[in-house]
Amino acid sequence: MDSKPYRTMVALLWLALPLTAVQFWTVWNKLPARMASHFGAAGQPNGWMSRQSLVIFFLVLLTFLLATFTWVLTRVRKPDPLAWSLLAMFYVAAGVLLSVNSSVLNYNLYGRPLNIMPGLVVVFVAAFLVIGVGLSAKRGRVLPRQTAAAEIEEIHASPLWALAFAMVTAIEFGVIAVIPVPGLRWVMTLPAVLLLGVTALAWSGFHYRFTTHGVEISTLGFRLRSIPLQNIKAYAVAPWSALGGYGIRGIGERRAYVWGNTGVRIMLADGEVFLGHAEPEKIMNDLNTIRQTQKARENT
């Protein structure tokens, strides 16, 4: 895909900053000196600040988010469907923030009730759609099956991460139980379901299946990616930085399947894949084995 329109759309995200300033500027003289700035689950204000402090807060928050969005998106050299969907989700998030800002201003100007639930639903649905695109992108064709004896399987899981996510999930459900607004309770169930899925993913782990046709990566019985052997150009043991995150990582031409800090980086004809594993030497041996076996078959 052409990267010029992609990078143009990334740059246009920053229009949210002047638009926020315009929202305040057009009603500045009508705003009260002390404004409601924080609201409870029922939409009632429980925090206040001056209008000067509120505009600075919104602009600083938006600048931080836009800088984060830009950093993530500009790491992509060749945008793929996942990169474009992530860009779209960031536009949705920026739009929701503008909508929230408008609702806060309207509450302080006209006393109109503030309802953030529609915005939250839109953001969570967008996040689920991005996850769906991420799981379906770059899957490749299914590799031919071989006998169990001819295949090698490695599993890369993390009970520790599974326990951590399980605890966060339990806290999330505890928070949901005490939310007094039924509608908001249902909305907050969406991220709780997502956390449950991540917990299951960390517990089950990534399953790597090595055959003479290539490498297949799956989790929870779902095939994530197939890498044909002829597409593998080089590979080596490599560390993984915690700053890169864990789970399924990467957009564009890079992907990582990792729950720890070590693994094997595989260079492909069209990008690279990082396979996390506590004992990366096993992955190296498996890759060497399937290449040698394939070469032996070609020579016979």
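The packing ranking, built from the mean of other Cβ atoms within 10 Å per residue, places the peptides 75-87, 181-193 in the order 75-87, 181-193, highest first.
Normalised per residue, the accessible area of the chain is 53 Å², obtained with a 1.4 Å probe and no contribution from ligands, DNA or RNA.
Carbon and sulfur: what percent of the range 141-300's accessible surface (1.4 Å probe)?
Values: 5270 of 8230 Å².
The computed percentage sits at 64.
With the full set of protein chains in place, find how many percent of the accessible area of the range 28-125 is carbon and sulfur; take the probe as 1.4 Å. Exposed carbon and sulfur together represent 67 percent of the surface. Phi-derived couplings, Karplus 6.51 cos²θ - 1.76 cosθ + 1.60 at θ = phi - 60°, listed residue by residue for the range 115-132: 10, 9, 4, x, x, 5, 4, 4, 5, 5, 5, 4, 5, 5, 5, 5, 4, x Hz, with x used for Gly and Pro.
Residue-wise HN-Hα couplings along the range 153-160, as the Karplus relation 6.51 cos²θ - 1.76 cosθ + 1.60 with θ = phi - 60° gives them from phi, are 10, 10, 10, 10, 10, 8, x, 5 Hz; Gly and Pro carry x.
Taking each DSSP H run with n ≥ 4 as -39500 (n - 2.57) and averaging over every residue of the chain yields -18000 deg cm²/dmol at 222 nm. Taking amide H atoms as placed 1.01 Å from N in the peptide plane, the amide H of G214 lies under 5 Å from those of L229, each 5 or more residues away in sequence or on another chain.
The values are calculated or read from the model by the stated rules, or taken from the named source; none is laboratory data. All values reported here derive from a predicted model rather than from experimental measurement. Methodologically, a virtual Cβ is constructed for each residue, glycine included, from the backbone with ideal geometry; neighbour enumeration extends over all protein chains shown. These accessible areas exclude ligands, DNA and RNA; they are computed on the full protein's heavy atoms, side chains included. Shrake-Rupley method; radii C 1.70, N 1.55, O 1.52, S 1.80 Å.
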